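Participant: Have a look at the structure that comes next, please.
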Amino acid sequence: MLIRIRSLLARSVVAREPCDLARIIADVLPLVRPELHRQGIALQMSVAADLPPVLGDRIQLQQVLINLLVNAAEAMREVPAEQRRLVVRAAREAVGDRACAVVTVEDRGVGLGGLEPDRLFDAFYTTKPGGLGMGLSISRSIVEGHGGRLWATANPDHGATFHLALPGMD
């Protein structure tokens, strides 16, 4: 099944156009903000003014961000309310000789629990009751299809951070 989904994503003819990641982030926040509010999660945002445009499919990139934000909110369900904080940052970073737009989604949730971070992106692997284990796998396929990279790191104190790097157009 995973091979079929990946091939569908890889073969789909997607109109790639210049995308403003700051605008994409702004567009998805109203979709997730009610859930963040309902769970008492404080949201902190930091979007650099010099974020380079990326070449991509706006809808697919929105889907990736929604998945990361919803996963972060779900990871904080079991932590005390006063610790529930979600930090979203977007910045220009040099990767080799190329400018990239890098978005990080940092939560104060249950963390990776000693798991190898790449395991989270395996198809059908889930830590959520009733989860399918497809969201991160599909998200990674989308990002890689855009010439980018999606990975996770454990936070030193509590929670996890997901990193999304896409090549800039300039």
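The values are calculated or read from the model by the stated rules, or taken from the named source; none is laboratory data. If you're wondering where the values come from, they're calculated on a predicted model, not measured in any experiment. Here the Cβ is made from the backbone with ideal geometry for all residues, glycine too, and neighbour counts use every protein chain on show.
Participant: Of all the residues that make up the range 143-170, how many are surrounded by 21 or more Cβ atoms within 10 Å (Cβ to Cβ) and out of contact with any strand residue (DSSP E or B) (no Cβ under 6 Å at 6 or more places or on another chain)?
Facilitator: Summing the residues that are surrounded by 21 or more Cβ atoms within 10 Å (Cβ to Cβ) and out of contact with any strand residue (DSSP E or B) (no Cβ under 6 Å at 6 or more places or on another chain) in the range 143-170 gives 0.
Participant: May I ask you to list the residues in the range 47-78 that are more than 27 Å from residue 109 (Cα to Cα), buried (at least 21 other Cβ atoms within 10 Å of the Cβ) and of a type in the set (A, V, I, L, M)?
Facilitator: If the condition is that a residue be more than 27 Å from residue 109 (Cα to Cα), buried (at least 21 other Cβ atoms within 10 Å of the Cβ) and of a type in the set (A, V, I, L, M), then 51, 54 are the ones that fit.
Participant: Residue 110 is checked against (1) at pLDDT 90 or above; (2) out of contact with any Gly (no Cβ under 6 Å at 6 or more places or on another chain); (3) surrounded by 14 or more Cβ atoms within 10 Å (Cβ to Cβ) and fails just one. What number does that condition carry?
Facilitator: (1)
Participant: Which condition breaks for residue 44 when tested against (1) among the polar types (S, T, N, Q); (2) surrounded by 15 or more Cβ atoms within 10 Å (Cβ to Cβ); (3) modelled with pLDDT of 95 or more?
Facilitator: (2)
Participant: Check off (1) touching a strand residue (DSSP E or B) at 6+ places or on another chain (Cβ under 7 Å); (2) farther than 20 Å from residue 136 by Cβ; (3) of a type in the set (Gly, Ala, Ser) for residue 75 and give me the number that stays unchecked.
Facilitator: Answer for residue 75: the failing condition is (2).
Participant: Report, by residue number, each residue of the range 57-107 that is of a type in the set (Gly, Ala, Ser), within 18 Å of residue 169 (Cβ to Cβ) and either at pLDDT 95 or above or not in a strand (DSSP E or B) (or both). Reasoning before the result, please.
Facilitator: Step one: of the range 57-107, the residues of a type in the set (Gly, Ala, Ser) are 72-73, 75, 81, 90-91, 94, 96, 99, 101.
Checking the rest, the ones that are also within 18 Å of residue 169 (Cβ to Cβ) come to 90-91, 94, 96, 99, 101.
90, 91, 96, 101 - these are the residues of the range 57-107 that are of a type in the set (Gly, Ala, Ser), within 18 Å of residue 169 (Cβ to Cβ) and either at pLDDT 95 or above or not in a strand (DSSP E or B) (or both).
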